[in-house]
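Take a look at the structure below.
Any read-out appearing in this document is the output of simple, stated calculations on the displayed coordinates, not a laboratory observation. Note that the structure is a prediction, hence the values are computed from the model and not measured. As a convention, Cβ positions derive from the backbone with ideal geometry for all residues, glycine included, and neighbour counts pool all protein chains shown.
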Amino acid sequence: MTEATTIDPAVAPAAHTPKAKGPLGALYNWVIRLAGGKHAEPALFCIAFAESSFFPIPPDVMLAPMCFARPERSYRYAIVCTIASVLGGIFGYALGFFLREWLLTFEMFQQQLAAFQGQFDQWGLWVILVKGATPIPYKLVTIASGLALFSFPIFIAASVATRGFRFFLVAWLFKTFGPTLAPVIEKRIGLFMLIFVVILIGGFAAAALIH
């Protein structure tokens, strides 16, 4: 009598094993292994929360490699990132709202408020929607919204829409094309690192020009 072989359908796909070479490749491999670890999700939450109020680095630097390392969890990571970013945005809004009088004693925040009000007068709600979906640091929007006493319910709705769009787009891209692009990225890691740095610096440059 032949013994039946049982297969566990709940076995999760194995995480991507990075194979990039060289100094940049070693850094890339380390990031991918970190992104697939058990502490990656709490770290993503913390970075997404902090970036919306005071931290300078966007959560995409953690979200993208996490989706790359575990594509099957991409949308879950996008949800975590969106929730954390919106909660961080609420914190940033509260800083601007409750500390308004004190913050406006600093020239930097006076300029930030004047710039936000001018942009909102010209573009309306698109100011929040566009900035939330681009590499421009979102904390510039959240604190300025509080300083300007912007409608809180509309701020929340716009934050959910724009941040959700951005993070789910990143998740979809890496879930869909990550496994196919992995060998290409790992073969040309220097070029892709350069592109990433240019995009990151471009976000800060755009923020400086706008403000």
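Counting other beta carbons within 10 Å of each Cβ, put 41, 72 in order, fewest first.
72, 41
Taking the Cβ-Cβ separation of residue 169 and residue 117 as r and a Förster radius of 30 Å, what is the calculated FRET efficiency to the nearest 0.05?
My answer for the efficiency is 0.55.
Set the Förster distance to 41 Å, then compute FRET efficiency between residue 107 and residue 180 from the Cβ-Cβ distance, nearest 0.05.
The pair residue 107/residue 180 has a calculated efficiency of 0.25.
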